[in-house]
Amino acid sequence: RPRAPRREMARSPHYSHTLVIRYSECDQQGVVFNAHYQAMCDCVMDLWLRDRMGLAWVNDVVTNGGGFSMVVASEFKYISPAKFLDDLTISGEVLRWGTTSFEVGYVGEVHSRRCFEGKLTYVAVDPEAKPTPVPAEFRERMTAKRSRL
């Protein structure tokens, strides 16, 4: 199959990444099993954090068990299937900032054909997993127009 053109990052506060659909992500009908879309969005958030916050920040949060954020709600709408070996481009955008939470909207497309739309609500947490205000630096970097890469 022809590869989808890679979208350039850093043109806007949005973040996009293209994943190739693996066989293990497909069900018996040969399409992506619905639960995998949320896991793919989590992968995109990880890459977005590395891009905007830097690998040192991500490593510090993970290795020191600082917690940072947890998903507290998810909502997905499935529009058309992605299939084995498709290039699925997932774009994320912060939709809303709260005091201790933020919502990220995700869109998944194969060659500009919409496959899903989703929204994950994250809450910022301290090392004891208690809600804490979203850090100002995080807000700034996640909505920056320029990539750190």
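Any chance you could give the angle, 0 to 90 degrees and rounded to 10, that helix 35-53 forms with the longest Cα principal axis of the chain? Helix 35-53 and the main axis of the chain meet at about 50 degrees. For the chain, adding -39500 (n - 2.57) for each run of n ≥ 4 DSSP H residues and dividing by the number of residues yields -7000 deg cm²/dmol at 222 nm.
Within segment 73-149, all pairs of alpha-carbon atoms sorted by distance into 5 Å bins from zero give the percentages 3, 14, 19, 18, 17, 14, 9, 5, 1. Summarising the amide proton neighbourhood of Thr132: residues at separation of 5 or more, or on other chains, whose placed amide H is nearer than 5 Å comprise Ala124, Val125, Asp126.
What's the longest piece of the chain with no exposed chymotrypsin sites (Phe, Trp or Tyr not before Pro), counting a site as exposed if DSSP puts it in a loop and it has at most 16 other beta carbons within 10 Å? The longest such stretch corresponds to 85-149. Potential lengthening of the chain between Glu93 and Ala144 amounts to 17.2 nm, from the contour at 0.36 nm per residue minus the alpha-carbon distance.
The fraction of accessible area contributed by carbon and sulfur in segment 35-149 is 54 percent, rounded to a whole number (1.4 Å probe; ligands and nucleic acids excluded). Annotation note: GluC sites (Glu not before Pro) in segment 89-149 located in DSSP loop regions with a Cβ neighbour count of at most 10 within 10 Å are Glu128.
Using a cutoff of 8 angstrom between alpha carbon atoms and counting only pairs six or more residues apart, the relative contact order for the chain works out to 30 percent.
Shown here: the chain, whose C-alpha atoms stretch 43, 30, 28 Å along the first, second and third principal axes, sorted largest to smallest.
With a 1.4 Å probe and all protein chains left in place, how much accessible area per residue does segment 16-144 have, in Å²? Accessible area per residue: 51 Å².
The values are calculated or read from the model by the stated rules, or taken from the named source; none is laboratory data. This is a predicted model, so every value here is computed, not measured. Cβ coordinates were reconstructed from backbone atoms using ideal geometry, including for glycine residues, and neighbour counts include every protein chain displayed. Heads up: the accessible areas ignore ligands, DNA and RNA and are worked out on the full protein's heavy atoms, side chains in. Shrake-Rupley method; radii C 1.70, N 1.55, O 1.52, S 1.80 Å.
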